[in-house]
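A.B. asks: Questions regarding the structure given below will be posed in turn.
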Amino acid sequence: MRLLVLIFLGVAAAAAQTAPISAPSTPAGNAQFVDGVAVRIDTDVITESEVRELADFQRLVDGSARPRDEVIRELCDQWILHGEAETARFPHPTDGDVDNAYQALVKQFPSPEEFQKRRTAAQLTDSEVREQLSQQLYLSRFIDFRFRPAAEVDDAAVQKYYDEEFAPQLKAKGEPVPALDKVQETIREVLVLRLVNDRANQWLDDTRGRLEIDVVPQGGSQ
């Protein structure tokens with residue numbers, strides 16, 4: 001799903017090791033930064049600094065930030081989910097959880113030194129990286145908590161995935177194909193995660209459509 005940057009821990013490993021970071025533009029001279037409003041959503045706002053920080057985090061993880069409208073859409077989704085999670089009194093990750101996620105992120109890079117170099121190039125402090133990881137953990141766990149119970153996968157779906165996706169992909173790479181009984185639980189989890197993401201995306205689309213969301217042009221509000 002768009003929101004789950006946390007998936008980078010598995011999916012974006014190769015990109016993190018090879019993609020160069022595009023440095024963001026910075027204000028000339030020593031002009032003091034004044035935060036502005038990027039989005040008015042319901043009775044709240046999303047600030048320009050929140051847009052910048054998520055874009056910088058994406059730059060660290062993926063090598064480049066997504067377009068501004070995609071960053072803003074993701075922040076709106078985070079805003080929706082955060083409100084639901086707080087209403088449900090969903091528990092926040094512990095410091096230990098965040099430490100583990102931080103170490104997992106660092107391991108996606110060729111070395112800890114390379115990670116620090118790219119973190120600096122992305123203009124993120126260590127605490128900002130940890131804050132982003134904490135947010136991603138909190139929301140991804142809430143999504144799983146809310147949508148997994150209804151994500152049921154039967155044996156027929158597992159067999160179909162094995163026959164039409166799993167086995168053909170391995171054969172195309174010239175790799176041996178394990179028997180279904182050796183990988184069926186892994187396949188089942190992949191399919192469950194697909195359903196969780198599909199249901200979460202549909203719910204977010206429906207919820208977003210009921211909110212008043214006003215994207216402010218860059219430089220249009222302070």
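The values are calculated or read from the model by the stated rules, or taken from the named source; none is laboratory data. As the structure is a prediction and not an experimental result, all values here were calculated from the model. Neighbour counts run over all protein chains shown; Cβ positions are idealised from the backbone, glycine included.
A.B. asks: With V51, V34, V45 as the choices, which residue is modelled with pLDDT of 95 or more, more than 19 Å from the chain's Cα centre (by Cα) and of a type outside the set (G, A, S)?
C.D. replies: From the options V51, V34, V45, the qualifying one is V45.
A.B. asks: Let me ask another. Please tell me if A88 is on the phi < 0 side of the Ramachandran plot, exposed (fewer than 14 other Cβ atoms within 10 Å of the Cβ) and more than 15 Å from the chain's Cα centre (by Cα).
C.D. replies: Here the answer is yes, as A88 does meet what is asked.
A.B. asks: If you don't mind, another one. Among what's in region 176-217 and is touching an Asp or Glu at 6+ places or on another chain (Cβ under 8 Å) and part of a loop (DSSP other than H, G, I, E, B), pick the residue that is farthest from Y161 (Cα to Cα).
C.D. replies: Within region 176-217, the match that is farthest from Y161 (Cα to Cα) is E212.
A.B. asks: Continuing with this model, one more query. With L124, L133, L170, L139 as the choices, which residue is over 30 Å from N100 (Cα atoms), modelled with pLDDT of 95 or more and either assigned to a helix (DSSP H, G or I) or not polar (S, T, N, Q) (or both)?
C.D. replies: Selected residue: L170, the only one of L124, L133, L170, L139 that is over 30 Å from N100 (Cα atoms), modelled with pLDDT of 95 or more and either assigned to a helix (DSSP H, G or I) or not polar (S, T, N, Q) (or both).
A.B. asks: Are any residues in region 35-56 out of contact with any Pro (no Cβ under 8 Å at 6 or more places or on another chain) and farther than 21 Å from L204 by Cα, and if so, which ones?
C.D. replies: Hits for region 35-56 are D35, G36, V37, E48, S49, E53.
A.B. asks: Same structure, new question: Applying the selection to region 158-169, what residues are touching a residue at least 12 places away in the same chain (Cβ under 8 Å) and over 14 Å from R194 (Cβ atoms)?
C.D. replies: Q159, Y162
A.B. asks: Also, quick follow-up: Quick check: is even one residue across region 99-120 exposed (fewer than 14 other Cβ atoms within 10 Å of the Cβ) and under 30 Å from D42 (Cβ atoms)?
C.D. replies: no
A.B. asks: Can we say A150 is over 16 Å from the mean Cα position of the chain (by Cα), at pLDDT below 95, exposed (fewer than 13 other Cβ atoms within 10 Å of the Cβ) and farther than 19 Å from E74 by Cβ?
C.D. replies: yes
A.B. asks: Might you let me know whether region 88-98 holds any residue that is under 23 Å from E50 (Cα atoms), among the aliphatic types (A, V, I, L, M), touching a helix residue (DSSP H, G or I) at 6+ places or on another chain (Cβ under 7 Å) and in a helix (DSSP H, G or I)?
C.D. replies: Scanning region 88-98, I find at least one residue that is under 23 Å from E50 (Cα atoms), among the aliphatic types (A, V, I, L, M), touching a helix residue (DSSP H, G or I) at 6+ places or on another chain (Cβ under 7 Å) and in a helix (DSSP H, G or I), so the answer is yes.
A.B. asks: So, one more: Within region 170-201, take every residue that is small (G, A, S) and free of Cβ contacts under 8 Å to residues at least 60 places away in the same chain and give me the one that is surrounded by the fewest Cβ atoms within 10 Å (Cβ to Cβ).
C.D. replies: Residue satisfying both the conditions and the ranking: G174.
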